[in-house]
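Worksheet: one structure, shown below.
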Amino acid sequence: MKYYSTNKQAPLANLEEVVNKGLAGDKGLYMPEYVPTIDKDVIASMKNKSFQELADIVAQAFFGKDMDPQSLTDIVFDTLSFETPVVHVHDNIYSLELFHGPTLAFKDTGARFMARILSHFIRQKGIDSEVNVLVATSGDTGGAVANGFLGIPGIRVFVLYPKDKVSQIQECQFTTLGKNITALEINGTFDDCQALVKAAFVDDDLNKRLQLTSANSINVARFLPQSFYYFDAYAQLDRIGKADELVVCVPSGNFGNLTAGLFAHKMGLPVKHFIAANNRNDVFYEYLKTSDFLPRPSVETYANAMDVGNPSNFARILDLFGHDHKQIAALISGFRYSNEQITEIMRHVYYTYHYLLDPHGACGYQALVDYHLKPNETGLFLETAHPAKFKGTVDGILHSDIGIPVTLQAFMKGEKQNIALGKDFAGFKSFLLSVS
Ligand SMILES: *Cc1c(COP(=O)(O)O)cnc(C)c1O
């Protein structure tokens with residue numbers, strides 16, 4: 001499989017190059033040259049397969065020509081070793097719980113997968129090569145990437161996070177690991193962290209001295225594996241006869257997760273309609289309504305992993321549908337929710353249906369309700385994080401004291417190690433050069 005850039009100004013690249021670079025040289029996002037399709041019969045047979053078995057079919061279709069199939073199967077079986085159950089909430093609404101991985105959010109899937117693909121290519125090249133992964137995080141990505149890449153030879157990870165702006169639980173998931181993970185506490189905002197990472201990718205000195213790549217959802221090996229669990233969710237619903245008219249709702253920030261769902265759809269997965277749920281950061285919602293895409297600075301909300309003002313994967317969605325707003329708006333609906341609405345939704349669902357939503361899942365759930373499913377349709381929302389990851393917010397809203405899963409407690413016992421840096425690029429650059 002070859003990959004082209006959405007900006008069409010960079011040469012075609014293969015999987016190894018794409019994973020090693022993240023962003024294309026013309027700052028576009030890489031797209032596969034074609035979307036492989038999976039036969040109807042094969043999709044129908046997935047209800048008799050495990051998550052790993054059916055994910056392997058999808059993985060082979062995308063990546064099987066770029067590495068030996070057995071290595072790819074091993075990667076699939078190793079990385080997808082936790083549950084992603086579909087849970088009934090009420091009536092025809094179901095939750096796809098993607099929070100049973102090591103850091104209790106869906107990003108674990110893509111992060112672990114990308115780590116293993118990158119590691120595969122590094123080992124092929126030989127012992128001397130080293131790749132540096134830079135990742136800016138507002139909270140969740142840092143933990144997932146740090147844990148996915150922990151201890152992998154030949155890879156160093158630098159997590160940049162804004163001082164005092166991530167929750168204590170999130171912070172300990174990437175500051176207590178040590179080994180090949182370095183946490184950089186930046187005296188600035190998330191936007192400053194992201195700007196430092198972007199500047200590093202285009203800096204000539206750094207790129208001459210260091211192999212740098214990104215583990216955000218711009219990286220093909222991070223976002224594309226997220227299409228696996230859409231197939232798995234379909235298979236789970238198919239088992240109980242509920243998959244025929246499926247409406248899938250995705251709480252969205254940078255839109256990597258929704259884009260992976262759209263790829264699954266293009267591959268042949270029978271999803272009738274998609275919904276993008278947003279918080280007040282609603283540039284995609286506005287795009288669907290008006291066909292104008294107007295990025296703006298993000299605002300802070302309870303669903304902070306969706307606080308994105310310029311979603312990076314929008315370029316991929318446009319490209320996938322030939323920039324045709326009509327087609328996009330016909331397949332995807334948008335809804336947006338304020339903090340006050342998120343509060344009400346979480347209380348209502350908890351007290352009425354005894355289902356504990358996190359603030360991101362709350363937007364996803366409510367968008368299905370407001371979409372008004374027809375009686376024969378099944379609604380599935382992606383529950384993107386465990387509510388305990390947002391314990392402060394969730395307890396405040398529900399007047400509760402929700403338990404912290406043991407995996408999270410373990411992180412909280414570790415010793416915090418980080419390096420404090422300013423938000424100026426010169427300081428960040430000399431730091432990176434000093435460790436190279
Ligand atoms: C990252 C994240 C999102 C947004 O996902 P995108 O792929 O960026 O749209 C939603 N919810 C949670 C909990 C997240 O961590």
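Odds and ends about this structure:
- Distance histogram for the chain (every C-alpha pair counted, 20 angstrom bins, percent rounded to whole numbers): 27, 62, 12, 0
- Within the chain, helix-based [θ] at 222 nm, where runs of 4 or more DSSP H residues each add -39,500 (n - 2.57), nearest 500: -13000 deg cm²/dmol
- Residue among 398, 418, 387 farthest towards the positive dipole end of the range 350-423, charges placed on Cβ: 418
- Least to most buried among 363, 193 (fewest other Cβ within 10 Å first): 193, 363
- Pairs of Cα atoms nearer than 8 Å and 6+ residues apart set the relative contact order; for the chain it is 19 percent.
- Tensor-based shape of the range 88-164 (alpha-carbon gyration tensor, a/c under 1.5 rounded, otherwise prolate or oblate): oblate
- Mean separation of Cα contacts under 8 Å, 6 or more apart, over the residue count of the range 222-298: relative contact order %: 30
- Three-way shape label, the range 1-144, alpha-carbon gyration tensor, a/c 1.5: prolate
- For the range 342-403 versus the range 136-153, the inter-centroid distance based on Cα atoms is 26 Å.
- Cβ-placed point charges (K, R +1; D, E -1), dipole of the chain about Cα centre in debye, nearest 20: 500
- For the range 1-137: lysine pairs under 17 Å (alpha-carbon distance), excluding those fewer than 8 apart on one chain: 6
- Evaluated with a Cβ-only charge set (Lys, Arg +1; Asp, Glu -1), the range 322-436 carries a dipole of roughly 320 debye about its Cα centre, given to the nearest 20.
- For residue 280, the residues whose modelled amide H falls within less than 5 Å of its own, excluding neighbours fewer than 5 places apart on the same chain, are 337.
- Computed over the range 346-436, the P(r) curve from all C-alpha pair distances, binned at 5 Å from the origin, holds 2, 11, 15, 14, 11, 9, 10, 10, 7, 6, 3, 1, 0 percent per bin.
Each reported figure results from applying straightforward, stated rules to the coordinates on display, with no laboratory input. Computed from a prediction, not measured in an experiment: that's the story for all the values here. For neighbour counting, all protein chains shown are included, and Cβ atoms are generated from backbone atoms with ideal geometry for every residue, glycine included.
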